[in-house]
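> Sharing a structure here in structure tokens format.
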Amino acid sequence: IEELEEKLNDAIHQKQLLSLRLDSQLALQQEDARKHQALMKQEMETILLRQKQLEETNHQLRERAGDIRRSLRDLELTDDCYEKLKSLPEDQLSIPEYVSIRFYEVVHALRKELSDLQMKKESLTEKLSGYKSQLKCLTESYEDERRNRSELEVRCQRLTLELADTKQMIQQGDYRQENYDKVKCERDVFEHELSELRRKYEILEVLHKVQAKEGNDLSKELATIQQSLNLLQKDKDYLNRQNMELSVRCAHEEDRLERLQIQLEDAKKAREEMYEKYVASRDHYKTEYEKRLHEELEQIRLKTNQEIEQLRSTSKEMYERENRNLREARDNAVAEKERAVIAEKDALRKYDQLLEQYRQMQLGTESKVAELLHQSKLKSFESEHVQLMQQETAKNLSQCQMECEKYQRKLEVLMKEFYSLQSSSETRIIELQTQNSEFQARLDTYEKLEKELDEIILQTAEMENEVEAERVLFSYGYGANVPTTAKRQLKQSVHLARRLLQLEKQNSLLVKDLEHQKEQVTQISQEVN
């Protein structure tokens, strides 16, 4: 009862500790869930904005994904096709061919493992059938030995009954001294047979224990084999799940590859459009510059023609001034030409700057697109992780609740068992007390009888006359009715006392004969002398 109370207190203490841990974990998980929900709201807003942008490209990606799915239906390859496709470089392979190669490698390894597991399973089933046959043979031998044991037990019981009958006949009959040796011989024979039967019974019991132990060992081996089969089945299921996960990952990677290819094509198209715009702007500026240059050259030509006409019309005196004017005009033209060359260099430099800015913008857009894709993936992974954590916490909470209910049911069962054990122990204590009182009373009677028997034996041993000794023995219960089993003990002790008296008398007679013989020997020796 004290051990059960201690166990009950320990169980209550453990229950309190588990409840406190559950409350603390629930509080921490609620705080974490609130923080994650706040973060998730912010992230979801950004993700929704990004989703709106991605939904526009989703339609095109669906069409392309449908084409790729239709092309990825038949992924099984033969060994020859696999060798041919494996010899080719990855750049020359198409997406269905690359996926079929990877699928063949994964599935081929899994098929090999599956065949090995099937071979192991067959060998284990054969061993299991052999063990079952051995167990059947052992059970048959055990049944035979059990039948033999039952027969021997029946024989032993019959012999014990016969022995009891003979003892009862000995008690009822009035055997004389000459029948004591015969009864003793029969009793010795029966005891010898009983000892042999007990020895055989012990040998059979040892054999039975050995066979039971072997049966338990075989059952344990059978359980281990069954467990190994279950583990192999679990490994097979795990490999199938891995295969499914790999196929799902392959599909995700294909979709990602398609999205990246589409983005790459869009970037190439944008680059081509910018390059076309740049070429068109350069042609436009070049045509404008040529027009201006042609107009200026026309103007200069007209001015020179006018000046030539003026020079022709003027006199030779104005030739130097006109020549100077022409030189000035030539200098102006050269200066304008230099300015035009400088303007062209400025335009080329601006074009180079615009091209560099375009390239930097292109690189920045690509990096931003990659960062946004990476952030979106991270956010999706984080959302999945948060969902998994929430599911795990819900599972843990349900498990804790179930365990708490189990502990409550166990506590109720233990309380019921405690009350039942308390009642049974009280009844058992009362029964044991009554039995103890009965046994104590019997023990007192036995001790009194033993004391009286010792006094009788001592008294009869001191007497020399056999008739008086017999009378004393009859007066103290020999042939009288003694209650309980003390009667039988008294009779046996009386018989033994009588036998002891007879032997002592014979011994005394033999001593007297020996003395008489010694006296005769001395007399004869004297006569001889």
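The values are calculated or read from the model by the stated rules, or taken from the named source; none is laboratory data. Worth saying up front: this structure is predicted, and the values here are computed from it rather than measured. Backbone-built Cβ (ideal geometry, glycine too); neighbour counts: all protein chains shown. SASA here: full protein model, heavy atoms, side chains in, ligands and nucleic acids out. Shrake-Rupley method; radii C 1.70, N 1.55, O 1.52, S 1.80 Å.
> List every residue pair whose Cβ atoms lie under 7 Å apart, where the two residues are 6 or more positions apart in sequence or sit on different chains, the first residue falls within the range 47-59 and is within 17 Å of residue 368 (Cβ to Cβ), and the second residue, located anywhere, is part of a helix (DSSP H, G or I) and among the aliphatic types (A, V, I, L, M).
As it stands, the answer is 50/372; 57/262, since those pairs meet every condition given.
> Cβ contacts < 7 Å: first residue at pLDDT below 85 and of a type in the set (A, V, I, L, M), restricted to the range 350-370; second residue in a helix (DSSP H, G or I) and open to solvent by 50 Å² or more (accessible area, probe 1.4 Å), any location; separation 6+ or different chain. Result?
369/263
> Let me ask something else. When both residues are 6+ apart or on different chains and their Cβ atoms are under 8 Å apart, which pairs have a first residue that lies in the range 322-342 and is under 18 Å from residue 309 (Cβ atoms), and a second that is open to solvent by 100 Å² or more (accessible area, probe 1.4 Å)?
Sorted first by the residue in the range 322-342, then by its partner, the pairs are 322/310; 329/303.
> Hey, does the range 362-378 have a residue that's more than 30 Å from residue 54 (Cβ to Cβ) and exposed (fewer than 14 other Cβ atoms within 10 Å of the Cβ)? Working first, answer last.
If we filter the range 362-378 for residues that are more than 30 Å from residue 54 (Cβ to Cβ), which is where we start, we get none.
No, the range 362-378 contains no residue that is more than 30 Å from residue 54 (Cβ to Cβ) and exposed (fewer than 14 other Cβ atoms within 10 Å of the Cβ).
> Considering the range 277-314 alone, what residues qualify as being polar (S, T, N, Q) and closer than 30 Å to residue 354 by Cα?
Start the filter on the range 277-314 by keeping residues that are polar (S, T, N, Q), which leaves 281, 287, 299, 304-306, 310, 313-314.
Those that are polar (S, T, N, Q) and closer than 30 Å to residue 354 by Cα: 281, 287.
> Would you please name the residue that is nearest to residue 209 (Cα to Cα), looking only at residues in the range 101-143 that are at pLDDT 85 or above and among the acidic types (Asp, Glu)?
Across the range 101-143, the extreme among qualifying residues is 143.
> Looking only at the range 206-218, filter to residues that are without any contact (Cβ under 8 Å) to a residue 24 or more places away in the chain and open to solvent by less than 80 Å² (accessible area, probe 1.4 Å); which one of those is nearest to residue 129 (Cα to Cα)?
217
> Go through the range 501-521 and count every residue that is more than 21 Å from residue 456 (Cβ to Cβ), open to solvent by less than 100 Å² (accessible area, probe 1.4 Å) and charged (D, E, K, R).
Within the range 501-521, residues that are more than 21 Å from residue 456 (Cβ to Cβ), open to solvent by less than 100 Å² (accessible area, probe 1.4 Å) and charged (D, E, K, R) number 1.
> Can you confirm whether residue 319 is open to solvent by less than 100 Å² (accessible area, probe 1.4 Å), modelled with pLDDT under 85 and among the aromatic types (Phe, Trp, Tyr)?
Criteria not met by residue 319.
> Same structure, new question: In the range 128-151, which residue that is acidic (Asp, Glu) and without any contact (Cβ under 8 Å) to a residue 60 or more places away in the chain is farthest from residue 217 (Cα to Cα)?
Within the range 128-151, the match that is farthest from residue 217 (Cα to Cα) is 151.
> Right, something else. I need the full set of residues from the range 298-316 which are open to solvent by 100 Å² or more (accessible area, probe 1.4 Å) and at pLDDT 80 or above, in order please.
Correct list: 299, 301, 303, 306, 309.
> Taking interchain pairs and intrachain pairs at least six residues apart, which have beta carbon atoms under 8 angstrom, with the first residue in the range 34-46 and within 18 Å of residue 374 (Cβ to Cβ) and surrounded by 14 or more Cβ atoms within 10 Å (Cβ to Cβ) and the second of a type in the set (Phe, Trp, Tyr) and at pLDDT 85 or above?
Matching pairs, first to second residue: none at all.
> Then there's this: Among (1) at pLDDT 85 or above; (2) farther than 30 Å from residue 364 by Cα, where does residue 259 come up short?
Result: residue 259 passes all but (2).
> So if I check each of 424, 383, which one is closer than 30 Å to residue 264 by Cα and either surrounded by fewer than 10 Cβ atoms within 10 Å (Cβ to Cβ) or polar (S, T, N, Q) (or both)?
Working: 424 fails: closer than 30 Å to residue 264 by Cα.
Just a single option satisfies the conditions, and that option is 383.
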